[in-house]
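To start, the structure under review is shown below, and the notes come after it.
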Amino acid sequence: MLRPRIAWALGGGGARGFAHLGVLKVLQEAEIPIDALSGTSMGAVIAVLYAAGADLKYLTALAGNIAWEKFVDLRFPRYGLVEGKRITPLIRLLTKNKRLEELDLPVRVVATDLLTGEEVVFSEGEIELAVRASISIPGIFTPVYYQNRVLVDGGVVANLPVGAAADFGMDLVIAVSVPGELSNEAPRSVFDILYRTFEVMSHKATSFEVRKADYVIAPKVGKVGTGQFYRAEECIVEGERAAREALPEIKRIIEEFQARNEGQAALGAG
């Protein structure tokens, strides 16, 4: 029986993106096809790690126990508060020094060009460069300068990269969306102001992309702050819960696809 080829779009959301690990764990256990991945920001990080063959149990343990503050290299804030040089060796290590085109699955990483406002999609080249660009929340991380472009977080234009996933030309696109809830509490730091500003901006981009997906899984992690990486375990658990709840609908979509194709094959044979 012909199964659909499924491209998965993993959305950005900082610490909330750890929910993707829980979702992928459930998909693996249920043998749901994962044929390609697109990712924005933390979704890009998880996408390349998964496609590089990293063990999900190891990544889950790492997310909950690593001292993330060690990877924050603060600098004089000319173009951003965080230089971002400490995170790239970790990405390089966990992806086994592979390039995007060498991964086990096709992956597209989404960034934004500040000079043109265009969505920039990486499908080949250095993983750490693509990911470093995709996670560069404006004002937090310094931008990435590459090929006459000034690259920042893909969430500026496509926080849920459904369009990039659709470009694979596969049969279905399923997205995992992890936007933050807007808070009425006063911000408590410059980081808080910048994170919240970015979340407000990315909400519209997410709502537009949601309508283009065949199905969307939405883990309930909206109350987790973008920079609250110490809540990784909480997000992973919520990702698992949301994926398990979504399984019946995902299986129904797959079965409907198979039934349509069998019907078309029968008509063609007749």
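Exceeding 25 Å between C-alpha atoms, which entries from my cross-link table qualify? They are Lys98/Lys251; Lys96/Lys251; Lys220/Lys251; Lys25/Lys220; Lys98/Lys220; Lys25/Lys96. Write down the numbers at each step before the final one.
Numbers: Lys98/Lys251 33 Å; Lys96/Lys251 33 Å; Lys220/Lys251 21 Å; Lys25/Lys220 17 Å; Lys98/Lys220 33 Å; Lys25/Lys96 21 Å.
Over 25 Å apart, Cα to Cα: Lys98/Lys251; Lys96/Lys251; Lys98/Lys220.
Given H placed 1.01 Å from N in the peptide plane, which residues other than close sequence neighbours of Ile140 have an amide H under 5 Å from its amide H?
When sequence neighbours closer than 5 places are left aside, the close amide H contacts are Leu81.
With a bin width of 5 angstrom, please list the P(r) values of region 79-186 as percents of all Cα-Cα pairs, from the 0 bin to the one holding the largest distance.
Bin by bin from 0 Å, the calculated values are 2, 12, 19, 21, 21, 15, 6, 2, 1, 0.
When we measure straight from the Cα of Lys57, which aspartates and glutamates land under 17 angstrom away, once same-chain ones fewer than 8 places off are left out?
Once the sequence-local aspartates and glutamates are set aside, what remains near Lys57 is Glu29, Glu31, Glu233, Glu234, Glu238, Glu240.
Full extension from Arg260 to Glu101: what is 0.36 nm times the residue separation minus their Cα-Cα distance, to one decimal in nm? Spell out each step's value before the answer.
Numbers: separation 159, 0.36 × 159 = 57.24 nm, distance 3.27 nm.
Full extension of this stretch gives 54.0 nm more.
For region 1-56, what's the radius of gyration and Dmax over Cα atoms, in angstrom?
That works out to 11.2, 39 Å for Rg and Dmax.
From the backbone phi of region 155-160, what are the Karplus-calculated ³J(HN,Hα) couplings (6.51 cos²θ - 1.76 cosθ + 1.60, θ = phi - 60°) in whole Hz, Gly and Pro given as x?
Going residue by residue, I get x, 4, 10, 8, 5, 10 Hz, with x marking Gly and Pro.
Work out, step by step, the length gained on full extension between Glu31 and Thr197: first 0.36 nm times the residue separation, then minus their alpha carbon distance; give nm to one decimal. All intermediate terms of the calculation are to be shown ahead of the outcome.
Working: separation 166, 0.36 × 166 = 59.76 nm, distance 3.83 nm.
Net length gain for the segment: 55.9 nm.
Per residue of region 46-54, in order, report the coupling 6.51 cos²θ - 1.76 cosθ + 1.60 (Karplus, θ = phi - 60°) as ³J(HN,Hα) in whole Hz, putting x for Gly and Pro.
Running phi through 6.51 cos²θ - 1.76 cosθ + 1.60 with θ = phi - 60° gives 5, 4, 6, 5, 5, 5, 7, x, 5 Hz.
Loop only by DSSP, 15 or fewer other Cβ within 10 Å of the Cβ. Give me the trypsin sites (Lys or Arg not before Pro) in region 86-163 that pass, ordered by residue number. Please list the in-between numbers first.
Values: sites: Arg86, Arg92, Lys96, Lys98, Arg99, Arg108, Arg132, Arg149; in loops: Arg86, Lys96, Lys98.
Listed in order of number, the matching sites are Arg86, Lys96.
What are the ³J(HN,Hα) values, in whole Hz, obtained from phi via the Karplus relation 6.51 cos²θ - 1.76 cosθ + 1.60 with θ = phi - 60°, for each residue of region 107-119 in sequence order, with x given for Gly and Pro?
Residue by residue, region 107-119 yields 9, 10, 10, 9, 10, 10, 8, 5, 6, 10, x, 7, 6 Hz.
Could you tell me the distance between the Cα centroids of region 13-60 and region 150-174, to the nearest Å?
15 Å
Each reported figure results from applying straightforward, stated rules to the coordinates on display, with no laboratory input. Just so we're clear, the structure is a prediction, and the values are computed from it rather than from any experiment. So basically every Cβ, Gly included, is an ideal-geometry build from the backbone, and we count neighbours across all protein chains shown.
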